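In what follows, a structure is listed as structure tokens, so that the remarks can point back to it.
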Amino acid sequence: MVKVIWSEQALDDVESICFFISRDSIQYAKSFAAKAFEAADQLALFPKHGRKVPEINKEEIREVILGNYRIIHRVTATKVVILTIHHGARLLDTAKLD
């Protein structure tokens, strides 16, 4: 088991996404947040779950898909760092992740 660490960027992303969703449904916003944190918690047990981020193609930068969003994380021997949560329809700025 490894430690899961959330970057400030990833926490800001969750907050922004939930704010956007809450304009239509507070319940769906809460559900999204719970699912995002649950998906990240699963990475403690299965850190290499998901696929390599195609735009970067490095083994240590991986992603898990949650609905329309990509939970992008970096895997090391002792931890998983959640880097960002990114909408799948938007272009990914890889400079921030490398």
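Computed from the coordinates by the stated procedures, all read-outs in this text should not be read as laboratory data. This one's a predicted model, so the numbers in the text were calculated from it and none came from an experiment. Note: ideal-geometry Cβ built from the backbone for every residue, glycine included; neighbour counts use all protein chains shown.
Which ones in segment 9-19 are in contact with a helix residue (DSSP H, G or I) (Cβ under 8 Å, 6 or more places away or on another chain) and without any contact (Cβ under 8 Å) to a residue 12 or more places away in the chain?
Phe19
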Take Ser16 and tell me if it is surrounded by 13 or more Cβ atoms within 10 Å (Cβ to Cβ) and polar (S, T, N, Q).
no
Do we find a residue being within 19 Å of Val81 (Cβ to Cβ), among the polar types (S, T, N, Q), touching a Ser or Thr at 6+ places or on another chain (Cβ under 8 Å) and outside any helix (DSSP H, G or I) anywhere in segment 8-26?
no
Mind telling me which of the residues Ala36, Ala44, Ala40 ends up being surrounded by 12 or more Cβ atoms within 10 Å (Cβ to Cβ), in a helix (DSSP H, G or I) and touching a helix residue (DSSP H, G or I) at 6+ places or on another chain (Cβ under 7 Å)?
Ala36
Filter segment 47-77 for residues that are in contact with a His (Cβ under 8 Å, 6 or more places away or on another chain) and either aliphatic (A, V, I, L, M) or assigned to a strand (DSSP E or B) (or both); which is surrounded by the fewest Cβ atoms within 10 Å (Cβ to Cβ)?
Ile61
